[in-house]
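Novice: Okay, handing you the structure first.
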Amino acid sequence: MRRALFEDEHEWFRESVATFVDRELMPNRERFREQRLIDRETWRKAGEAGFLGLGVPAEYGGSGVDDFRFNAIFGEELARAGFAYSSSFGIQTDIVAPYLLRLTTEEQKRRWLPGFVSGELISAIGMTEPAAGSDLRGIQSTARRDGEGWRLTGSKTFITNGYNADIVVAAAQTPDPGGISLLVVEDGMEGFSRGNKLDKLGQHEADTAELFFDEVAIPAENLIGEPGRGMRYMMDHLTQERISTSVVNVAHAANALRLTLEYVNDRRAFGRSIGSFQNSRFALAEADAELEMARVYVDRCVEAHVAGELTAVEASKAKLLTSEIQNRVIDTCLQLHGGYGYIQEYEVARSFVDARITRIWAGTNEIMKEVIARSLGLEDPRG
Ligand SMILES: Cc1cc2nc3c(=O)[nH]c(=O)nc-3n(C[C@H](O)[C@H](O)[C@H](O)COP(=O)(O)OP(=O)(O)OC[C@H]3O[C@@H](n4cnc5c(N)ncnc54)[C@H](O)[C@@H]3O)c2cc1C
């Protein structure tokens with residue numbers, strides 16, 4: 001179906017992202033994968049190209065245009081090339097940006113946004129802890145009052161960009177009023193340390209790390225938003241995170257499908273192309289149909305999000321089904337590659353492992369079902 005979501009300016013932007021992907025990301029991808037890290041220089045190039053300032057007002061160096069369709073294109077083009085987005089640049093542009101734009105004071109904006117936009121300042125968000133993932137209310141990191149500021153103690157795990165980050169928006173329990181607050185931890189603060197890059201199953205080009213806070217002195221001016229309201233802020237911002245990952249899920253699976261169509265047309269068995277067997281034709285037809293349906297729903301969600309109307313439940317439906325479809329489609333694609341599908345050198349093998357996380361992060365699919373079930377009037381066992 002013709003996509004009605006984008007206008008000319010979006011398609012021009014798509015071309016510039018595609019050029020960036022071809023020139024800066026793909027030639028370096030193997031190295032990024034080996035070092036489990038995107039070079040800081042590449043972050044700066046993404047900044048120079050204007051990709052990290054999406055939605056940021058021009059006075060802080062950003063695009064000055066608040067339109068999530070540009071973010072969607074940035075994610076789609078990286079996913080279309082099989083490059084990790086949600087575990088790298090997407091954390092900055094789609095996940096952390098709204099916190100820094102909506103919850104910060106003028107002084108904080110001036111301090112962080114110019115570097116954030118230029119790629120000099122890489123950001124991360126630290127919600128998950130060893131003992132608190134789905135159940136964020138169980139966060140144990142604690143910041144006690146210390147003069148005007150805070151002393152933060154605790155740890156975070158699975159933090160995307162965690163190894164490279166210059167700032168981390170960290171959720172911690174705080175007193176007076178009780179509840180979770182969001183504190184910005186900066187590289188170099190005494191007592192802030194990081195573990196090794198975690199050895200993930202896939203998404204190897206991006207860094208993921210554990211973070212440790214040992215009585216880190218956080219000045220009062222590094223609190224964002226109001227104290228005690230962190231849980232509410234995190235819940236509100238998850239809607240954008242879920243639609244962002246949904247966009248990428250569909251584009252990533254579409255890339256695997258495209259590669260598989262090429263493969264099955266070339267590869268031959270029993271004197272015919274693999275693609276000519278009825279089983280292959282039906283499997284690929286189903287995959288194509290599922291992806292098209294998913295894309296139409298996700299496009300509608302993006303449109304609603306741009307209009308400020310997307311609900312948490314709608315975004316959860318998108319996240320649930322796009323990640324299931326993505327994993328199913330890529331599994332089909334791998335199967336049609338035969339043994340080659342299991343070899344890392346083949347893109348489909350990497351897509352397979354890269355996709356597995358999408359049913360887990362941004363809220364697991366079980367939690368998505370809980371959110372949707374609650375909207376049906378069913379009792380929530382989480383209370
Ligand atoms: C590569 C990667 C990158 C990540 N990036 C970040 C990041 O940048 N920042 C960040 O804060 N976090 C990040 N995460 C963490 C991610 O969001 C969590 O892993 C996820 O929320 C699940 O939490 P958990 O791992 O503790 O699983 P758990 O909460 O322990 O869940 C384990 C299982 O129990 C199920 N379960 C839990 N509660 C219920 C329930 N009520 N009903 C039914 N089933 C339930 C879950 O669905 C899951 O299947 C990342 C994780 C990974 C692997």
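Here, each number is a calculation from the coordinates, and none is a lab measurement. Bear in mind the structure is a predicted one, so any value in this text is a computation, not a measurement. Ideal geometry is used to build each Cβ from the backbone, glycine not excepted, and the neighbour counts take in all protein chains shown.
Novice: Among Leu201, Leu257, Leu284, which one shows the biggest mean-square fluctuation in a GNM of the chain, springs joining Cα atoms closer than 10 Å?
Specialist: Leu201
Novice: Please return the longest range in the chain lying between exposed loop sites, taking trypsin sites (Lys or Arg not before Pro), DSSP loop only, at most 13 other beta-carbon atoms within 10 Å, and leaving the sites out.
Specialist: On the way: sites that count: Arg2, Arg3, Arg382.
With a cap of 13 other Cβ atoms within 10 Å, the longest stretch comes to 4-381.
Novice: How high is the FRET efficiency between Asp380 and Ser276 when r is their beta carbon distance and R₀ equals 41 Å, given to the nearest 0.05?
Specialist: 0.25
Novice: To the nearest 20 debye, what charge dipole does the range 1-113 have about its Cα centre, counting +1 at the Cβ of each Lys and Arg and -1 at the Cβ of each Asp and Glu?
Specialist: Working: 17 positive and 20 negative charges, 88 e Å.
For this selection, approximately 420 debye.
Novice: Apply 1/(1 + (r/R0)^6) to the Cβ-Cβ distance of Arg44 and Glu190, taking R0 = 35 Å, and write down the FRET efficiency to the nearest 0.05. Could you put the intermediate results ahead of the total?
Specialist: Working: r = 27 Å, r/R0 = 0.77.
About 0.80, to the nearest 0.05.
Novice: For the modelled label position 7 Å from the Cα of Gln108 along Cα-to-Cβ, which residues of the range 221-244 have backbone nitrogen atoms closer than 20 Å?
Specialist: 221-241
Novice: Two decimals, Cα atoms only, Kirkwood Rh: what is Rg/Rh over the range 152-199?
Specialist: Rg/Rh for the range 152-199 comes to 0.99.
Novice: Counting Lys +1, Arg +1, Asp -1, Glu -1, what net charge surrounds Glu303 among other residues with beta carbon under 13 Å of its beta carbon?
Specialist: On the way: positive: Arg3, Arg69, Arg295, Arg300; negative: Glu7, Asp67, Asp299, Glu309, Glu314.
Neighbour charge sum, excluding Glu303 itself: -1.
Novice: Here is a follow-up. Taking the chain as a Gaussian network, where each spring joins two C-alpha atoms under 10 Å apart, which residue of Thr208, Thr19, Thr332 fluctuates the most?
Specialist: Among Thr208, Thr19, Thr332, the largest mean-square fluctuation in the Gaussian network model of the chain belongs to Thr19.
Novice: Under 16 Å from a label point 7 Å along Cα→Cβ of Val313: give me every residue in the range 335-371 with its amide N that close.
Specialist: Correct set: 368-371.
Novice: Which value in deg cm²/dmol, rounded to the nearest 500, describes the helix-derived mean residue ellipticity at 222 nm for the chain, given -39,500 (n - 2.57) per DSSP H run of n ≥ 4 and division by the residue count? Write out the running numbers ahead of the final one.
Specialist: Details: 11 runs with 173 residues, N = 383.
Dividing the helical sum by the residues of the chain leaves -15000 deg cm²/dmol.
Novice: What residue among Ala165, Pro175, Asn196 has its Cα farthest toward the positive end of the dipole of the range 94-220, where the charges are +1 on Lys, Arg and -1 on Asp, Glu, each on the Cβ?
Specialist: Pro175
Novice: Would you mind working out the magnitude of the charge dipole of the chain relative to its Cα centre, with +1 at each Lys and Arg C-beta and -1 at each Asp and Glu C-beta, to the nearest 20 Debye? All intermediate terms of the calculation are to be shown ahead of the outcome.
Specialist: On the way: 44 positive and 59 negative charges, 210 e Å.
So the magnitude is around 1000 debye.
Novice: Along the Cα→Cβ direction, 7 angstrom out, place labels at Arg232 and Thr19. What is the inter-label distance in nm?
Specialist: 4.5 nm
Novice: If you build the Cα gyration tensor of the range 235-383 and take the root of 5 times each eigenvalue, what three semi-axes come out, in whole angstrom, biggest first? Please report the intermediate quantities before stating the final value.
Specialist: On the way: eigenvalues 224, 43, 34 Å².
That gives 33, 15, 13 Å for the three semi-axes.
Novice: Quick one: compute a quarter of the convex hull surface over the Cα atoms of the range 116-180 and quote it in nm². Walk me through the intermediate numbers first.
Specialist: Numbers: hull surface 21.1 nm².
Result: a mean projected hull area of 5.3 nm².
Novice: Once whole DSSP H runs in the chain are found, which of them have Cα atoms spread over 30 Å or more along the helix axis and a mean Kyte-Doolittle score of at least -1.0? Kindly include the intermediate steps, with their values, before the conclusion.
Specialist: Numbers: long enough: 230-266 (53 Å, -0.14); 278-306 (42 Å, -0.15); 312-336 (36 Å, 0.17).
Sorted by number, the helices that extend far enough and score high enough are 230-266, 278-306, 312-336.
Novice: Let me ask something else. Listed here are the pairs Lys197/Lys317; Lys197/Lys319; Lys197/Lys369; Lys156/Lys369; Lys45/Lys319; Lys109/Lys317; which of them are more than 28 Å apart at the Cα? Walk me through the intermediate numbers first.
Specialist: On the way: Lys197/Lys317 32 Å; Lys197/Lys319 26 Å; Lys197/Lys369 31 Å; Lys156/Lys369 25 Å; Lys45/Lys319 30 Å; Lys109/Lys317 33 Å.
In this structure, Lys197/Lys317; Lys197/Lys369; Lys45/Lys319; Lys109/Lys317 exceed 28 Å between Cα atoms.
Novice: Two decimals is fine: what is log10 I(q)/I(0) at q = 0.08, 0.10, 0.12, 0.14 Å⁻¹ for the chain, from a Debye sum with one equal scatterer on every Cα and no solvent?
Specialist: Log-scaled intensity ratios, in q order: -0.41, -0.64, -0.92, -1.24.
Novice: Taking every DSSP beta bridge with both residues inside the chain, roughly what % is antiparallel (nearest 5)? Each step should come with its number before you reach the end.
Specialist: Working: 30 of 36 bridges.
Expressed as a percentage, antiparallel bridges in the chain total about 85.
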